[in-house]
Amino acid sequence: MPEGDSIHRVARRLQPLVGQRLEVETPHPRAQVLRIAERLDGLRLEGVEAVGKNLLLRFEGGLTLRSHLRMKGRWRVQPRGSRTFGTPWLVLRAAELEALEWNGPVLELSDAVARRLGPDILAEPPDLDAMVARLQRAPSLFLGEALQRQELVSGIGNMWAAEALWSCRLSPWLEVADVSGEELGALLAEAHRLMADGLDGRRRSKQAYRRAGRPCRRCGEPISSRGQGDANRTAYWCPRCQPDRASTQAASM
Ligand SMILES: [Zn+2]
């Protein structure tokens, strides 16, 4: 699943097209029916930004094209006229470069798409107060699930949720209501820090994500994993240094 940081990298690669009038094509039959090319062809691209896992391309006249890559979508920027493979969903041609997108099942042209999404975790600076307020509107959600609800906070996927929770010693099985606003703010700040590092190319080994059964790098306890939430994404956590409240109480008795 492309996470917010990889979408930000795509947005950076597309910046050279900004300011240019674009030839727009939608070769894939499922994209043709959306009638996007007819409305955008020849318009000037005014901006490209990543909002969470969405790429928003703003064209003159107030039109915004939203692209969400779901599981398999990808973008490529190449010199105009290079060989292409397969059938792209979208081709944007500028004077010297062209951008192509494959397998992107979500393409939506609208003037209101950005309003449905929560604040972007990778904004500089991130609007932590607004994100905390949105999370607190969903008090009964598990923390691991709430972090990935794009209408609350946009951009955090399963990997960064697991890593930020481990860093902050918070269990993904706590409910939002179990955690103070201060702790939520610190958790979001940590997710921002980890993801911004990844965006700038600084890699670090994962502490919890996909380490089920292997020793916690802090305390040695084996990392646990279990499906969580409606989407049944796998949560990863250290049961010793990320206790949920019930086990904290049990331990203090
Ligand atoms: Zn641990």
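The values are calculated or read from the model by the stated rules, or taken from the named source; none is laboratory data. This structure is a prediction, so every number in the text was calculated from the model and none was measured. For neighbour counting, all protein chains shown are included, and Cβ atoms are generated from backbone atoms with ideal geometry for every residue, glycine included. Note: accessible area is taken over every heavy atom of the protein model, side chains too, but ligands, DNA and RNA are not part of it. Shrake-Rupley method; radii C 1.70, N 1.55, O 1.52, S 1.80 Å.
Here Ala189 meets the list (1) farther than 24 Å from Ala123 by Cβ; (2) among the small types (Gly, Ala, Ser); (3) surrounded by fewer than 20 Cβ atoms within 10 Å (Cβ to Cβ) almost entirely, failing just condition (1). Here's a check for you: in the stretch 208-243, which residue that is modelled with pLDDT under 95, open to solvent by 20 Å² or more (accessible area, probe 1.4 Å) and among the polar types (S, T, N, Q) is farthest from the ligand (Cβ to nearest atom)? Once the filter is applied, the top-ranked residue is Asn232.
Annotation note: of Leu56, Leu92, the sole residue that is under 22 Å from Ala196 (Cα atoms) and in a strand (DSSP E or B) is Leu56. Checking the stretch 167-180 against the condition returns no match, with no residue being closer than 17 Å to Ile121 by Cβ, open to solvent by 20 Å² or more (accessible area, probe 1.4 Å) and within 16 Å of the chain's Cα centre (by Cα). Residues in the stretch 60-97 that are loosely packed, with under 15 Cβ neighbours inside 10 Å, of a type in the set (Lys, Arg) and within 23 Å of the chain's Cα centre (by Cα): Arg70, Lys72, Arg74.
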